Structures are given as structure tokens and as C-alpha cells.
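J.: The structure under discussion is supplied below as C-alpha cells; questions concerning it will follow.
The values are calculated or read from the model by the stated rules, or taken from the named source; none is laboratory data. Predicted model, so just to flag it, every value in this text is computed and none were measured. No Cβ is skipped: glycine too gets one built from the backbone with ideal geometry, and neighbour counts run over all protein chains shown. The protein model used for the area step is the full one, side chains on, heavy atoms only, and it has no ligands, DNA or RNA in it. Shrake-Rupley method; radii C 1.70, N 1.55, O 1.52, S 1.80 Å.
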Protein chains: 2
Amino acid sequence: MAATLRQVAERAGVSVRTVSNVVNDFPQVAPETRARVQQALDELGYQPNAVARTLRNGRSGLIALVLPELDVPYFAELTRAVIEQAAEAGYTVVVDQTDGDPVRERELVMRGNRAAMFDGLIFNPLALGGADLRNRPSSTPVVLLGERVVEGGLDHIMIDNVGAAELATRHLLGLGRQRIAAIGDQFDETRQTGQLRTQGYHAALQAAGREVVPELVRPTEFFHRADGAAAMADLLALPQPPDAVFCYNDLLALGALRTILSRGLRVPDDIALVGFDDIEDGRYSTPSLTTVSPDKTQIAKNAVRLLLNRLDGDQSAPTRLSADYTLEIRESTTG
Amino acid sequence: MAATLRQVAERAGVSVRTVSNVVNDFPQVAPETRARVQQALDELGYQPNAVARTLRNGRSGLIALVLPELDVPYFAELTRAVIEQAAEAGYTVVVDQTDGDPVRERELVMRGNRAAMFDGLIFNPLALGGADLRNRPSSTPVVLLGERVVEGGLDHIMIDNVGAAELATRHLLGLGRQRIAAIGDQFDETRQTGQLRTQGYHAALQAAGREVVPELVRPTEFFHRADGAAAMADLLALPQPPDAVFCYNDLLALGALRTILSRGLRVPDDIALVGFDDIEDGRYSTPSLTTVSPDKTQIAKNAVRLLLNRLDGDQSAPTRLSADYTLEIRESTTG
DNA sequence: CTGAAAGCGCTTACAG
DNA sequence: CTGAAAGCGCTTACAG
């Protein structure tokens with residue numbers, strides 16, 4: 001077990017060069033030599049040492065996917081797509097979770113290729129911004145995901161949050177809803193998503209000649225079910241509760257849904273609900289969730305493609321791509 | 001950027017040995033030397049090469065978590081727990097997903113430490129069995145998760161599926177339900193979970209003097225929401241539909257719930273529902289889901305502890321641990 | 001306290 | 001077609 005090339009070479013009575021040739025299936029090996037080497041290989045159960053190979057070749061075949069939270073379904077579903085795309089190109093994806101902790105983000109991303117053993121990184125930052133990223137000491141290629149970083153000088157895949165939020169809000173307006181609330185606003189500079197979606201929400205209301213009612217826009221710390229449930233409870237406690245809510249992700253919407261139904265109210269009859277992300281949960285809730293559906297496969301495909309280009313030495317200017325999205329209309333707005 | 005120890009040494013006018021001493025914070029370095037080296041380090045933006053270190057030290061500080069499906073919430077939640085436990089011990093977890101594909105499982109697990117760069121593996125197999133695992137060519141420590149492998153000669157953490165299923169079924173019996181169905185039976189040898197839970201279901205019925213009605217036990221290919229929804233539709237099409245269903249995981253239960261509610265039936269009034277796994281989704285569904293809750297933190301803690309022991313050279317006989325579980329009683333059985 | 005050197009296991013230009 | 005040797009970047013026993 002754990003034999004080295006050298007040990008195999010000694011056993012077969014050849015040089016390591018020849019063993020290496022056999023292991024790597026190079027053609028220029030005499031048949032009898034090959035057979036002899038192969039036998040030694042089998043007898044010793046030789047397995048090449050990936051670390052030594054990586055040191056020598058400068059490539060590990062590993063790319064890292066660094067995400068805030070793996071147990072948020074959107075990220076879990078995106079991860080699946082990235083793993084599939086990378087596998088097609090012969091790369092293995094390793095995933096790591098930062099919880100948006102700046103220390104962990106920095107640790108995983110800033111130290112770069114010499115500190116870690118990854119050929120490249122696909123990174124969805126929460127805490128780290130453009131300034132941090134621009135003076136990264138490392139030269140490992142990085143592709144950014146998400147809206148956190150506006151100007152990092154790196155390849156970047158995002159979605160048009162303003163436009164998508166506008167679309168969602170317009171859908172609710174089109175249903176004739178009068179008091180449309182929003183759940184998921186954020187002020188923190190490190191959480192751009194909420195702000196951008198609020199912009200879109202405002203834009204849609206204004207385009208329809210509606211006033212923005214400040215108390216209908218509820219901030220949340222996170223985008224989890226519990227936050228949505230709590231924010232919805234606040235909305236229901238208002239003198240004039242909303243008749244529709246745009247939640248900035250599906251988890252918030254599922255939390256809000258739970259609160260609404262537990263009060264005996266009906267969706268969409270009393271309150272219509274729109275989410276964002278199109279996670280599987282929302283397709284099986286009752287009612288199923290109308291939601292903005294970003295094309296996750298496209299995001300994964302582009303992230304991997306951009307990264308592999310960089311690994312192949314592409315020196316062109318950083319690309320910024322906007323992913324496609326659609327509005328999936330389901331029962332939570334149409335009954 | 002990407003300076004080597006040697007380049008730093010040249011710049012500082014010392015040997016690599018001394019630079020290494022400074023980088024690794026060894027005490028026996030003269031203050032002026034240290035300052036000079038530190039300056040060179042800073043000027044060149046030195047970052048140690050993790051691959052070279054690993055080759056030299058024989059340790060990467062990486063452990064791999066190999067799971068069937070990352071976008072199954074139970075695994076996503078378990079992953080979070082493993083990452084947290086490993087981080088406490090200074091290890092970084094990298095996660096990979098096999099989809100239960102024997103080829104991928106073999107690739108990731110069988111080739112072992114010389115093929116990959118991980119110090120150890122935590123592995124939840126679906127396809128690979130004890131026979132495969134016993135003659136692994138590699139000596140990388142592995143801790144197994146799940147019920148697939150009964151005898152692999154490796155450390156193993158599982159839960160008492162029969163007992164847990166019995167507990168769930170007994171709960172439904174205790175509610176006075178007369179026709180208790182089960183969703184998630186499996187015949188495939190590589191999918192033990194379903195079989196074991198069916199055993200527990202049978203045991204509980206028999207202990208209560210009830211007959212097992214074969215058509216009430218529905219097999220499913222996977223444990224996804226769609227499978228649960230379809231199986232439930234079949235159950236509702238029976239001449240005598242069930243008044244309770246034990247689903248072998250929460251995803252199946254959520255799928256079943258969707259089907260039940262979409263027919264205008266009520267849970268638990270018409271049909272009571274129990275799941276398994278205690279994923280967050282089930283706490284926010286309406287009704288919330290009664291479920292068997294395995295102690296995921298304990299599983300993660302034990303898995304990491306066992307693995308680290310092996311990394312520290314522990315040669316004792318393989319351990320088998322049963323994780324704790326409880327029945328979380330919620331609205332889907334109590335209204 | 002510091003240097004010169006070996007070696008982790010591999011790949012590959014250079015000879016022959 | 002095959003061998004002897006250098007080198008990827010690091011750590012560390014051995015000297016001094």
C-alpha cells in the first residue's frame with residue numbers, strides 16, 4: 001500500500017521515468033516493459049500521490065466554491081449545478097461555507113493559490129467588498145457571484161436585482177393589489193441584495209403612480225424562514241395590513257406564509273405572496289410560491305466557463321454577466 | 001506576488017532555513033534577523049505554498065465530506081454541523097456530492113490519500129457496500145455515515161432506524177389511527193434505509209396487534225418531494241385511503257402534504273403525517289411536521305472526533321456509534 | 001542562532 | 001525506447 005514510483009521501479013527493474021510513462025499511458029513504452037511495470041504496479045497497489053503531482057504540475061484539478069451558507073436551498077441548488085458543470089470539464093469542486101464571516105471569507109479567498117490547493121475559486125462574498133478583493137495578494141483566478149461587489153476587477157456573475165424586483169412587484173400590481181409590502185430590506189453596506197430589491201420595488205410602485213408606504217417595507221437581518229415569519233407578524237399587526245407581499249427570497253416567503261396561514265388568513269385571497277430564487281420548497285408548499293427564478297444552470301455554466309478560461313491563461317478584461325431570470329407564477333398569487 | 005521561500009531568503013540575505021523559522025514563528029531567531037526577514041516577506045507578499053507544505057508534512061489540514069446529495073436539506077444541515085466541528089479542530093472541510101453514483105463514490109473514496117489531498121474522509125455511501133470498502137487500497141482514515149454499510153471494518157455512525165421507525169409508527173397508533181400507511185420502502189440492496197424503516201413500521205403494527213396491509217406500504221425510488229407527492233396520490237386512489245402516513249423522510253412528507261392539501265383534505269384531521277430528519281422546512285410548513293429528529297450535531301461531533309483520532313494514529317478496533325434521536329411532535333399529528 | 005543539504009513523490013527536458 | 005538527474009517549494013535533522 002502507498003507504494004511510490006521509486007518502489008515500483010525497483011521491483012520492475014526499470015527507472016522511475018519508465019514507470020511514470022506507464023502510469024500516464026504514454027505510448028513510447030515497449031510492450032514487454034509495460035507488462036512488467038504493470039505487474040509491479042498491481043502487486044504494490046500503486047496509487048499516484050496527488051499532492052506531489054500538484055506540486056510538480058502546478059495544477060490540482062480542484063476548484064473551490066465558497067458560499068455563505070450551504071444549508072440555504074438556493075446555494076445548495078446552485079452548488080449542484082456548479083459541481084455538474086465542473087465535472088464535465090474534469091474538475092472536482094470542493095465547497096466551503098463562510099457564514100458571511102469576514103474572517104473566514106478572507107482566510108479562504110485572500111490567501112489564494114499558494115495558501116490553498118485550488119486552481120481557482122468561485123466566490124459569493126457577503127462581507128468582502130471590491131476594495132478588499134482588488135488588492136488580493138494572490139493570483140488565483142476568482143469568479144464572483146452575487147451582488148455584494150460592484151467593482152472588484154474580477155469576473156462577475158450577477159442578476160439584475162432591480163429589474164427582477166420590479167417585475168415581481170409589477171406582477172402584484174397587475175393583480176390589483178392595493179397595499180403591497182416588501183420583506184427583506186437591508187441597510188448594512190455588506191448586504192446589497194436587500195437594497196437593490198427595494199429599489200426595484202420602489203421603481204415599480206412609482207411607475208404605477210403609487211406611493212411608497214415606509215412601514216410596509218420591512219428590514220430583516222437574514223434571509224431565513226424565521227426572519228420572514230417575524231416580519232410578516234409585524235405587518236399583520238399594522239392598523240392596515242398589506243394585501244400582498246414581495247419577499248426578497250423564497251425562505252422569507254415561506255416563513256411569511258406560515259405566519260399568514262397560522263392566523264387563519266388565506267393566500268392569495270387575503271394576501272398574495274411572491275418570493276425569489278425558485279427553490280424546490282416553494283414548488284411544494286401549499287399554496288405553491290410565485291417566485292423570481294434565476295437561471296441557476298446558466299449561472300453555474302458561466303461561472304465555470306469564465307474560471308476555466310482564466311486557468312487557460314485568458315488575460316482579457318474582467319467580464320460582468322447578468323444571468324437570465326423569469327417570473328414563475330404559481331398559486332400564491334393566482335389561487 | 002507568489003514569492004518563494006528562496007526568493008525571500010535571497011532578498012533578506014539569509015538562508016531559507018531562517019526564513020522558514022520566521023514564517024513558522026519559531027522562537028530561536030535573533031530579533032534583527034527576524035525584522036529583516038519580515039520586511040522581505042512583506043515586500044514580496046510571501047504566501048507559503050500549501051501543496052509543498054502538504055507534500056513535506058504529509059498533512060493537508062483538509063478533510064473531505066462525501067455525501068449523496070448536497071441539496072437534500074438533511075445533508076446540507078449535517079454539512080453545516082461537520083464544518084463547524086472540524087473548524088474547531090483546525091481542519092477545513094471540503095464537500096463533495098456523489099448522487100449515489102457508484103463510479104463517483106469509488107473515485108472519491110477508494111483511491112484514497114495518495115490520489116486525493118485529504119487527510120481523512122467522512123463518507124455517506126449509497127452504492128458502495130462493506131465488501132467494496134473492506135479492500136480499499138488506501139489507508140486514509142474513513143468514518144462512515146448512514147445505514148448502507150453493515151460491515152465495512154470502519155468507524156461508523158448510524159442511527160437505530162428500526163427503533164426510530166417503530167417510535168414514529170407507535171405515535172400514530174397512539175392517536176388511534178386505523179389505517180397507517182408508509183412511504184419510502186425500498187428493495188434495492190444499495191438502499192437500506194427504506195428497508196430498515198419498514199421493519200420498524202412492521203414491528204410497531206405487530207406489537208399493537210395490527211395487520212400489515214401490503215398496499216399501504218409504498219416504495220419510492222428516491223426520498224424527494226416528488227416521490228412523496230406521487231406515492232400519496234397512489235394512496236389516495238385506494239378504495240380505502242389511509243388515515244395516517246409515516247414518511248421515511250421529511251421531503252417525502254412534504255410532498256405527501258402537498259398532495260393531501262391540494263385534494264382539499266386536512267392534516268391531521270383526515271390524515272396524520274410523520275416525517276423523518278427534522279429539516280427546517282418541516283418546522284415552517286403548514287401544518288408543521290411531526291418528525292423523527294436525529295441529533296445532527298452529535299453525529300457531526302462524533303464523526304469528526306473519530307476521524308481525528310485515527311489521524312492521530314489511533315489503531316483500536318473500529319467503533320460503531322448510534323446517534324440519539326427524538327420524536328418532535330408538531331401540528332401534522334396533533335392539529 | 002544560522003547555513004548547507006536532503007528529501008517529500010512526482011514529471012520531464014536532456015542524453016543516449 | 002529508457003536512464004540519470006533536476007526541480008516543483010517546503011521542512012528539518014545535522015553541523016557549527
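J.: Identify the single condition in (1) open to solvent by less than 10 Å² (accessible area, probe 1.4 Å); (2) in contact with a Ser or Thr (Cβ under 8 Å, 6 or more places away or on another chain); (3) more than 30 Å from A:ARG56 (Cβ to Cβ); (4) not hydrophobic (A, V, I, L, M, F, W, C) that B:THR79 does not satisfy, given that it satisfies every other one.
T.: Every listed condition holds for B:THR79 apart from (2).
J.: Please find, among A:VAL66, A:VAL8, A:VAL19, A:VAL29, the residue that is within 13 Å of DNA strand D (Cβ to nearest atom) and either in contact with a Ser or Thr (Cβ under 9 Å, 6 or more places away or on another chain) or within 22 Å of A:SER139 (Cα to Cα) (or both).
T.: Result: A:VAL29 is the single residue among A:VAL66, A:VAL8, A:VAL19, A:VAL29 that is within 13 Å of DNA strand D (Cβ to nearest atom) and either in contact with a Ser or Thr (Cβ under 9 Å, 6 or more places away or on another chain) or within 22 Å of A:SER139 (Cα to Cα) (or both).
J.: Go through (1) crowded, with 23+ Cβ neighbours inside 10 Å; (2) facing chain A (nearest Cβ under 9 Å); (3) of a type in the set (A, V, I, L, M) for B:ALA87 and report which single condition fails.
T.: The single condition B:ALA87 does not satisfy is (1).
J.: What number goes with the only condition from (1) touching a Cys at 6+ places or on another chain (Cβ under 7 Å); (2) surrounded by fewer than 16 Cβ atoms within 10 Å (Cβ to Cβ) that B:ALA256 does not pass?
T.: Answer for B:ALA256: the failing condition is (2).
J.: Another one. Within the range A:32-57, take every residue that is away from DNA strand C (no atom under 11 Å from the Cβ) and open to solvent by 100 Å² or more (accessible area, probe 1.4 Å) and give me the one that is nearest to the chain's Cα centre (by Cα).
T.: The selected residue is A:ASP42.
J.: Moving on to the next point. Given the criteria within 14 Å of another protein chain (Cβ to nearest Cβ), among the hydrophobic types (A, V, I, L, M, F, W, C) and within 7 Å of DNA strand D (Cβ to nearest atom), does B:LEU55 qualify?
T.: In short, yes.
J.: On to the next question. Note down all Cβ pairs under 6 Å where the first residue falls in the range B:5-34 and is more than 14 Å from chain A (Cβ to nearest Cβ) and under 17 Å from B:GLY45 (Cα atoms), the second is within 8 Å of DNA strand C (Cβ to nearest atom) and among the charged types (D, E, K, R), and they're at least six residues apart or on different chains.
T.: B:VAL22/B:ARG34
J.: Of the conditions (1) of a type in the set (A, V, I, L, M, F, W, C); (2) away from DNA strand C (no atom under 15 Å from the Cβ); (3) surrounded by 15 or more Cβ atoms within 10 Å (Cβ to Cβ); (4) not in a loop (DSSP other than H, G, I, E, B), A:VAL19 clears all except one; give me its number.
T.: For A:VAL19, the exception is condition (2).
J.: Please work out if A:ASP269 is part of a loop (DSSP other than H, G, I, E, B), in contact (Cβ under 8 Å) with a residue 24 or more places away in the chain and under 17 Å from the mean Cα position of the chain (by Cα).
T.: Here the answer is no, as A:ASP269 does not meet what is asked.
J.: On the given criteria, is A:LEU128 part of a loop (DSSP other than H, G, I, E, B), crowded, with 21+ Cβ neighbours inside 10 Å and among the aliphatic types (A, V, I, L, M)?
T.: Judged against the criteria, A:LEU128 is a match.
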